[in-house]
Each structure stands twice: as structure tokens, then as C-alpha cells.
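Here the structure comes first, spelled out in C-alpha cells, and everything after it is commentary.
The values are calculated or read from the model by the stated rules, or taken from the named source; none is laboratory data. Being a predicted model, the structure only gives us computed values, none of them experimental. All Cβ positions, glycine included, derive from the backbone under ideal geometry; neighbour counts span all protein chains shown. To get the accessible areas, we keep the full protein, side chains included, count just its heavy atoms, and leave off ligands, DNA and RNA. Shrake-Rupley method; radii C 1.70, N 1.55, O 1.52, S 1.80 Å.
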Amino acid sequence: MTHREILLVIAGLMAAMFLSSLNQTVVGTAMKTIADDLDGMALQAWVTTAFLIMSTVSTPIYGKLSDLFGRRPLFLASIVIFLIGSLLCGLANDMVQLAAYRAVQGLGAGGLMALPLTVMGDILAPRERAKYQGYFLAVFGVTSVIGPLIGGLFAGLDEILFISGWRWVFLLNLPIGVIALIMVMTFLHIPHTPHRSRIDWFGAVLVIVTVVPLILVAELGRDWGWTSPLSVAMYFTGALGLVAFILVERRMGDAALIPLKLFQSPTFSMVTVLSVFVGVGMFGALMTVPLYLQMVQGATPTESGYLMLPMVAGLMLSSIVVGQLIARTGRYKIFPIIGTGMLSAAFLWLSFATADKPLWFIIVGMAVAGLGLGQLMQTLTIASQNSVGHRDIGVATSSATFFRQMGGTLGTAIVFSLLFGALPSTLRAAFGDPALMGALRSAAADPAVAADPANAAVLEVLQHPAQLGETLNGDTSFLIGADPRLTAPFLDGFADANTQVFFFCFVVVAIAFVLSFFLKATPLREKSAIQEAHEHARKQDDRQQPEDAQ
């Protein structure tokens, strides 16, 4: 393909990825408003979980089916399913309906996450691929900045064109999706060599049986209790599903949803392990950074989106530089080592982010984290694609994405459990600090402070000292606008709990740093998957012709 043809295909892929990544950042900002309007605050976790379950379990299925039937029809189907889900979400009348419709959306999102990188593996040789993948990271960077802004804007408006403002969070996907659909239909024309294979329906079912219970307990175990009968049942079901899945995949051989032969490659196996560890650290910690910015630094949701810019800038810069270096040298082993090293250093730095640290301290940590992530995301994908044959590009890419998402899901659940599990003790310690309590008592005794309506809610909370450990588990709006001397112990306790999260992520990514030295970096191939498939077919024809002549 010419450079122009490649750029046109990439434009279509970027439009679809923009659709998926914008959806994730927009919805998060508006969720509180949505839950209030649909009178279902207690059910909002199910809205997130439904999307997460379907997008995760469908990722390897899209990869395998695209290997069998071609990328284009599966990619178009994923966009259409996502748009149907978006329309239904915009029409939802209660939280149960919204959770069901978000599941439909997630079913489409699984393809939007996995297939663009798979298509890149088809049209570009591994050595050239790194140059172009920076475009995709730019999409993630842009949506991470404008997503919270758009979500906050729509959530703050009562109506737009006689429709509730928050509904446009989902309806906005429709015009963007139509553009993506047209671009993909117009530009994405990749030759596909069909090959006969059984479809691993049992494997697909067992992926769901394995993953869904684990995601449910990861997302909701804190409410259920980690050792409750319901949680134990989820563990048992997931473990049973995993054993059955491995047995079925072994029996299916090359036709398996995730062929076990992929793990015979030491490169693919190590990339899978690194993807899980990096996913745990990355998603886990970066979910808590915006919380820290809003709680401790006093940023609004929109402002916290802007404050993530240093991380986005670091990610894009390192991705572009690393892509150019890989394309010129063909070497990539050093980048997972440097990337995990920088990411672990960033988390270690952030583990000292106490409440009295200035904003620049957090910005430095985010920038270093971004520089590390930019070296990891595309390099691990390239390594996994390079470790398999052209017929398995789709399943290898989707498997790497699948394991990273699983790591991210587990990481998010673990860090939030750590955060809210540590809060009671860190809040008790903060309210036991003589300096903080001296300032608080002085403020509480000031008649001007007592008369200020902005302080009424926090003063009411302070009347119940036995419940202080649970005050930050739910609505924290009582801190907004209150006297800093009254809120200081709350912020100090929250910041100290957050530092424990950052230290946990440092430990996880530090393990990945050690493991990265054992990554066997096989030489990057000089030909794309399409070229390899064409040459393979030509050799088959050359062998067939003498046989036919005989």
C-alpha cells in the first residue's frame, strides 16, 4: 500500500477509535447527573460493570472471527452495534434499562478497541508499524482532555433541542459514528484469504463464564464483602470456567478462540504477563489521580481533565519518538525496560503526594508516568503481533488487549478497595494530629465561620465523630467551599490513603520492570501480514501446479 492509502485507512480507524475512547471519558464525568436524574445512584456501578463485561469478553471473539471472516465486516458490525447501543442509552428511562443498553454498547466497543490495531498489523510490517501507532495514541490523548469537558457541559445543561442534556452524552456518538462508518466503508479495503476452520463456540461461552464472575466480584466485591458467600461463589465459578476453558482450547487446537500454541512463544507469553501487570498499575493508579486532583487540590471534574494534560503530552511525545526509533533500528527490547522503569518511578514519586504537596509535584509524577506509558502501549502490541504468524495476527492482538483490560479491571477494583479500606484509619490519624485539630477547633469557635452557610454541612458532619471514618465513602460535596481549616483533616486523610494506592501500583509495576529484562525480543519482520499471506498463497499455488501436471 502507498503512504496515502495507509493514511486513508488510518483515518477511518482513528474515527472509530475516537468514538470508543471518547465514550469512556464522557460518560464518567456525567454519571452522577445521570444517576440523579434516573433516581438510581445505588445502581450506577451496574451501568459501568455491564459495559466493562461485554467489551472485555467480546474482544478475543472479535479477534478470532476477524481472522476467519476478514476485518472489514467485523469492524463495520462493531460500529453498528455500538451506535445501536448509544441510541438506546440516550432513550433509557431508568438505570436498569441504561445498564442493559450499556451492555449492548460494550458489545460493539470490544471490536472498536481490538480491531484497529489488528488492521495495522495487516497493512504494515512490524518495523514500520510503530511510526503510525502514534496517531492512535494522539486520539486517546485528545479524548482524555475533551471528554470530561464535553461530559461536564452536557450534564450541566437541562435541555438541548428539547432533550435532557445528559442524554446527549450518548446521542453525540451517532453523528461521529456515522462519519466513522462512512470512512471505514470507503477506505478500509483489505484483501482477506478465507480459510476453513471450526468456530469455537464453547470457548466463547467459557470466556464469559470465566470473566464475568471475576469482573463482577472485582467491581462489586467491596459492597458484597470479599469473603461473603456471593463473592466466594463468583471465585469458584470463575476458577471452574477457567479450567474448562483451558481444556476446551487444548482440544480445539488451531481453531481455539485463544489458541494455546500462542503461549509456546516465550515472547507472546511474557508480553501477556507484562500486559496484565502494566494494566493493573496503569488503570488502577490513573483512576485515582483525578480523584486526588478533585478532592485534595480542589479541581472540578473538567479542570482535572485539563490537569491530566502533562501525562497525555508525555505519552504522545514518547510514543512518537519511540516509534521513529523502532522504525529506524528495528530494535525494541529496551523500551519495555525503560517504560516500566519510568512508570514505577512515577508511582514511587506519587506515593509521597501528601495533602501539603503543591500541584507541580503531582504534575511531575503524571508527566513521567506518561513518558513511561508511551513506550509500553505500542511496543507490547508490536511484540505480540511480531511473535505470531500472519493467520493469527487478529487473535494475538485481541488477546493482548484482553489481558491488558483484565489487568486494568482487577487493578481498578484492588486500588479502590485499598483506598476506601485505608480511609477509616487515615482519617482517624488525621483527626488525631494536634496541629490539624488545633486549627479546626479555632475555626469552629469563630462566629464568622459558624455563620457562613458554606460551612454548615461540614460542621454537621463534625458533630458525629464516631462516623468520621465513613464520611468520604459517599457524597463528599459537604467539603466544597468550606473553610480550609475545617476540611484539612479530611483532605489529609484522603491523601494519605491515596499514597498507599500509589505505593501498591509502584510494587506491581516494579515487578513488571524486573520481568521486562526477560522479554525475548525477536527481530521485527520486514513484511506486513498481507504480504506474508500473499506469498504463502503463491507458494501453495506453486506447489500445487506440479502436482496438477502429474
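Check Ile363, Ile326, Ile320 and return the single one that is of a type outside the set (D, E, K, R), in a helix (DSSP H, G or I) and farther than 22 Å from Thr401 by Cβ. Working first, answer last.
Numbers: Ile326 fails: farther than 22 Å from Thr401 by Cβ; Ile320 fails: farther than 22 Å from Thr401 by Cβ.
Of Ile363, Ile326, Ile320, the one residue that is of a type outside the set (D, E, K, R), in a helix (DSSP H, G or I) and farther than 22 Å from Thr401 by Cβ is Ile363.
Output the residue which, of all residues in region 473-487 that are part of a helix (DSSP H, G or I) and in contact (Cβ under 8 Å) with a residue 12 or more places away in the chain, is surrounded by the fewest Cβ atoms within 10 Å (Cβ to Cβ).
Here is the first cut: in region 473-487, the residues part of a helix (DSSP H, G or I) are 477-479, 484-487.
Now drop any that are not in contact (Cβ under 8 Å) with a residue 12 or more places away in the chain, which leaves 477-479, 485-487.
Numbers: Ser477: 9, Phe478: 21, Leu479: 20, Arg485: 18, Leu486: 22, Thr487: 23.
Among residues in region 473-487 that are part of a helix (DSSP H, G or I) and in contact (Cβ under 8 Å) with a residue 12 or more places away in the chain, the one surrounded by the fewest Cβ atoms within 10 Å (Cβ to Cβ) is Ser477.
Name the single residue that is nearest to the chain's Cα centre (by Cα) among those in region 295-336 being open to solvent by 20 Å² or more (accessible area, probe 1.4 Å) and among the small types (Gly, Ala, Ser).
Going through the qualifying residues, I end up with Ala313.
Condition check ((1) open to solvent by less than 60 Å² (accessible area, probe 1.4 Å); (2) not in a helix (DSSP H, G or I)) across all residues:
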| site | (1), (2) |
| --- | --- |
| Met437 | yes, no |
| Arg441 | no, no |
| Ala454 | yes, no |
| Val458 | yes, no |
| Leu468 | yes, no |
| Pro489 | yes, no |
| Phe503 | no, no |
| Leu515 | yes, no |
| Pro523 | no, yes |
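If I ask for residues that are over 18 Å from Val212 (Cβ atoms), touching a residue at least 24 places away in the same chain (Cβ under 8 Å) and either open to solvent by 90 Å² or more (accessible area, probe 1.4 Å) or of a type in the set (A, V, I, L, M) (or both), which ones from region 229-262 would you list?
Met252, Asp254, Ala255, Ala256, Leu262, listed by residue number.
Check Ala396, Ala383, Ala400 and return the single one that is buried (at least 22 other Cβ atoms within 10 Å of the Cβ), within 30 Å of Phe263 (Cβ to Cβ) and at pLDDT 80 or above.
On the way: Ala396 fails: at pLDDT 80 or above; Ala400 fails: at pLDDT 80 or above.
Every option except Ala383 fails the conditions.
Let me confirm something: among Met95, Met54, which residue is at pLDDT below 85 and open to solvent by 50 Å² or more (accessible area, probe 1.4 Å)? Walk me through how you get there before you give the answer.
Numbers: Met95 fails: open to solvent by 50 Å² or more (accessible area, probe 1.4 Å).
Residue meeting the stated conditions: Met54.
In the set Ser265, Ser269, which member is closer than 28 Å to Val514 by Cβ and without any contact (Cβ under 8 Å) to a residue 12 or more places away in the chain? First the steps, then the outcome.
Working: Ser265 fails: without any contact (Cβ under 8 Å) to a residue 12 or more places away in the chain.
Unique residue meeting the criteria: Ser269.
What is the residue count in region 131-172 for residues that are closer than 13 Å to Leu315 by Cβ and at pLDDT 75 or above?
2
Which residue pairs have Cβ atoms under 9 Å apart, sit 6 or more places apart or on different chains, and have a first residue in region 1-16 that is under 18 Å from Leu115 (Cα atoms) and touching a residue at least 12 places away in the same chain (Cβ under 8 Å) and a second that is among the basic types (Lys, Arg) and surrounded by fewer than 17 Cβ atoms within 10 Å (Cβ to Cβ)?
Filtered contacts from region 1-16: no entries.
For region 421-435: of the residues being open to solvent by 40 Å² or more (accessible area, probe 1.4 Å) and part of a helix (DSSP H, G or I), which is nearest to Thr354 (Cα to Cα)? Steps first, please.
Initial filter on region 421-435 (open to solvent by 40 Å² or more (accessible area, probe 1.4 Å)): 421, 425, 428-429, 432-435.
From what's left, part of a helix (DSSP H, G or I): 421, 425, 428-429, 434-435.
Values: Gly421: 18, Ser425: 15, Arg428: 16, Ala429: 13, Pro434: 17, Ala435: 15 Å.
If we take residues in region 421-435 being open to solvent by 40 Å² or more (accessible area, probe 1.4 Å) and part of a helix (DSSP H, G or I), then Ala429 is nearest to Thr354 (Cα to Cα).
Working only within region 496-533, note down all residues that are among the polar types (S, T, N, Q) and modelled with pLDDT under 90.
Asn498, Thr499, Gln500, Thr522, Ser528, Gln531
So which of Phe136, Phe170 is closer than 19 Å to Ile34 by Cα and open to solvent by less than 30 Å² (accessible area, probe 1.4 Å)? Don't jump to the end; show me each part of the working.
On the way: Phe136 fails: closer than 19 Å to Ile34 by Cα.
After ruling out the rest, the residue left standing is Phe170.
Table: residues versus (1) closer than 30 Å to Gln294 by Cα; (2) crowded, with 18+ Cβ neighbours inside 10 Å; (3) modelled with pLDDT under 75; (4) of a type in the set (Gly, Ala, Ser).
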| residue | (1), (2), (3), (4) |
| --- | --- |
| Ala16 | no, yes, no, yes |
| Val26 | yes, yes, no, no |
| Lys32 | yes, no, yes, no |
| Met41 | yes, no, yes, no |
| Ser58 | no, yes, no, yes |
